[in-house]
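Presented below is the structure to which this report refers.
The values are calculated or read from the model by the stated rules, or taken from the named source; none is laboratory data. Only a predicted model underlies this, so the values are computations on that prediction, with no experimental measurement involved. Don't worry about glycine lacking a Cβ; one is built from the backbone with ideal geometry, like all the others, and counts go over all protein chains shown. Note: accessible area is taken over every heavy atom of the protein model, side chains too, but ligands, DNA and RNA are not part of it. Shrake-Rupley method; radii C 1.70, N 1.55, O 1.52, S 1.80 Å.
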Amino acid sequence: MEQMKFINPNRNLAGLSAFEQLSDEELTRQANKHSRKEPREGYECPKCGNYEQIYVYKNGVFAYTRDCVCKRKRNSLARVRRAGLTDLLKRCTFDTFQTEQKWQQIAKRAVQAFVGDNERGWLLLSGQSGCGKTHLCTAAVGAFIEQGQDVNIMRWVNDSTMLKGLSSDTYEREKRLNVFKRAPVLLIDDLFKTQSNEKPTSADVRLAYDLLNYRYENRDLITMLSTERTVSELKQIDEATGGRIYEMAKGYCLEIGGEGKNWRFIEH
């Protein structure tokens, strides 16, 4: 990493530190006023000048460095880029989600409430293709990134295929799966989606259970799921997995159905 430039508190002619009369907050602010560098992932940060570290002063002297919140934001943006969703993240925000119909208003309010709810469980958006599930989930991803959360995205069709293909390499499979298991914020997009709406295989079921059971047992992890499967179908695919989703979604289990695209909350 390029060396950060910070103010050297040399003593003046009177023998007093140039910083002696400044508060720790002001010392910290002054120490982080250095030349800017090219921002990683295109994200500009005025706090650290894109160095991703902050110099902190305590009791009038330099104490330590800490990661700037922009580092987590850029790490999340890098994962979004690797998932091929950078353009989608720019387009799919809460502001750009159309709310001409009542069901759209309900869905938007619910997902926004989920993002701001510190007592949240999981978010489940279930329903037919084209109803806005991906738009709202992507908007939530963007909101969590702005909060400085560490976000990862699992695109079920691609990532489950990759993980199942590593069945003979247990170490590599677990290493890659753990990235999703332990993500502070995880979106699983199109859970159990298959070609021609075929029934998920036993390998699909084992993978989903392994991943979701870990997050079920570690409830501080934020989990969002989109799927074309209804809650009843999820339970039919696998009672244990469907049951955990149903239990954890609490007040944020929304299902869409019918030509009118009417969202309904699944009550517990």
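Data table
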| read-out | value |
| --- | --- |
| Selection within the range 42-64 - outside any loop (DSSP other than H, G, I, E, B) and either surrounded by 15 or more Cβ atoms within 10 Å (Cβ to Cβ) or modelled with pLDDT under 85 (or both) | Q53, I54, Y55, V56, Y57, K58, V61, F62, A63, Y64 |
| Number of the exception - S76 against (1) within 23 Å of D220 (Cα to Cα); (2) exposed (fewer than 14 other Cβ atoms within 10 Å of the Cβ) | (2) |
| Filter result (of a type in the set (S, T, N, Q) and either in a helix (DSSP H, G or I) or surrounded by 14 or more Cβ atoms within 10 Å (Cβ to Cβ) (or both)) within the range 121-140 | S126, T134, T138 |
| Complete set of residues in the range 86-117 that are in contact with a helix residue (DSSP H, G or I) (Cβ under 7 Å, 6 or more places away or on another chain) and of a type in the set (A, V, I, L, M, F, W, C) | L88, L89, C92, F94, F97, A107, A110, V111, F114, V115 |
| Close pairs from the range 61-87: first closer than 15 Å to V179 by Cα, partner assigned to a helix (DSSP H, G or I) and open to solvent by less than 40 Å² (accessible area, probe 1.4 Å), Cβ under 6 Å, at least 6 apart | S76/I145; V80/L89 |
| Of the criteria (1) touching a helix residue (DSSP H, G or I) at 6+ places or on another chain (Cβ under 6 Å); (2) assigned to a loop (DSSP other than H, G, I, E, B), which one L22 fails | (1) |
| Filter pass, D210 being over 20 Å from R74 (Cα atoms) and touching a strand residue (DSSP E or B) at 6+ places or on another chain (Cβ under 6 Å) | no |
| Residue count for the range 155-176, restricted to those that are of a type in the set (F, W, Y) and more than 23 Å from the chain's Cα centre (by Cα) | 1 |
| Any hit, the range 98-108, residues being open to solvent by 70 Å² or more (accessible area, probe 1.4 Å), of a type in the set (K, R), within 28 Å of L221 (Cβ to Cβ) and at pLDDT below 90 | no |
